[in-house]
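Reading through the structure tokens given below for one structure.
Readers should treat all values here as calculations from the given coordinates under stated rules, not as data from a laboratory. Keep in mind the model is a prediction, meaning the values are calculated, not measured. Because the Cβ atoms are built from the backbone with ideal geometry, glycine has one as well, and the counts that use them run over all protein chains shown.
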Amino acid sequence: MSTSLATRGHIAVVPSVPALALAILAGALVAPALAQTTGEASGGEAGETVTDCDTCPTLVRLPDGSLMGRDLVTRAEFAAFASATGFSGKGCHVSDGKRWSLNKEADWQNPTFPQGDDHPVVCVSWDDANAYADWLSERTGKSWRLPTVEESQAATAAGSTSAFWWGEEAEDICARVNLADQSYKALFPLDERKIEACDDGFAHTAPVGSFPANAWALNDMAGNVWQWTNSCLKGDCANAVFRGAGWNVAPVKNFTTAHTWGDRVVVRSFALGFRLMRNPD
Ligand SMILES: [Ca+2]
């Protein structure tokens, strides 16, 4: 994929991930989850968590002071929005392991596989994600939004310069991310891609935070579900970039910090969700 991407409202050329990481890190690795605030404080410590309301996504303060969702937005969090607004978004792209198709009845409540309230919401379009962010902004009086692809990649790298957020090699990847593994292969035997020989324990999505957090205390920055970003795809803002890769994805190169993909902003997929940022107070 081209590295020439547009951020909504302006054009940005994405630097390499190592350059991003070096620029942002400036030598400071941050200990995870140091403190919890109510969201009223400003200018807090890197690593602290901030929560605006009971059903709002928990945020982690990054070294530059910005606030990133600790987790992928969950079904429970999205349900609060759907209940309050009457949101209904039917029609979701699903795959049998070989071919993708539009299932007109599938939606975030029924993505065609079982999910708990603490699983990442899927079958949500870029438009749906922005509607949720706008609703959260109205509700909290604060500004919620999707991260740009640069912000998402930098938060994933968390100061590292390696291909994956944990290192250069994919070994032990089943202990790091939820991907297309042997438990997936058992349910999707038609998939002819190179499926990892290991078992991460989840055939579909996993509860958020089931795997180790990265150095900035962020969960699932790779794996579980793809994450929408606020960046246009190759300058075409009818399409948006997503990254991180999901539970049905192989091979492992998809889980590198640099890897991106994209699709139309109206598309819903059973392996695609999102996380949000909130502008600091
Ligand atoms: Ca898996």
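Some points to look at:
- Average silhouette area of region 3-278, convex hull of alpha-carbon atoms, in square nanometres: 13.5 nm²
- When you filter the trypsin sites (Lys or Arg not before Pro) in region 175-262 for DSSP loop state and at most 12 other Cβ atoms inside 10 Å of their Cβ, you are left with K194.
- Using a Förster distance of 30 Å, the FRET efficiency for D281-A76 (Cβ separation, nearest 0.05): 0.75
- Residues in region 92-122 reached by a label modelled at T51 [backbone nitrogen below 17 Å; 7 Å Cα→Cβ]: 117-119
- Counted by neighbouring Cβ atoms within 10 Å, the residues T112, T85, T257, T74 run from fewest to most as T85, T112, T74, T257.
- Relative packing of 163-174, 88-99, which averages over residues the other C-beta atoms within 10 Å, highest first: 163-174, 88-99
- D172 paired with R99, simple spin-label distance in nm, labels 7 Å along Cα-to-beta-carbon: 4.2 nm
- Exceeding the 23 Å Cα-Cα cut-off - candidates K194/K234; K90/K253; K98/K185; K98/K234: K194/K234; K90/K253; K98/K234
- Order of W144, W100, W228, W261 under a 10 Å beta carbon neighbour criterion, fewest first: W100, W261, W144, W228
- From phi via Karplus (6.51, -1.76, 1.60), per-residue ³J(HN,Hα) for region 251-262 in Hz, x at Gly/Pro: x, 5, 4, 5, 9, 5, 5, 6, 5, 9, 9, x
- The Cα atoms of region 72-119 give a gyration tensor whose axes a ≥ b ≥ c have a/c of 1.5 or more with a/b no greater than b/c, which makes the shape oblate.
- Distance in nm between pseudo-label sites at T85 and N110 (7 Å out along the Cβ direction from Cα): 2.3 nm
- Paramagnetic reach from L190 (point 7 Å along Cα→Cβ, amide N under 18 Å) across region 258-281: 269-271
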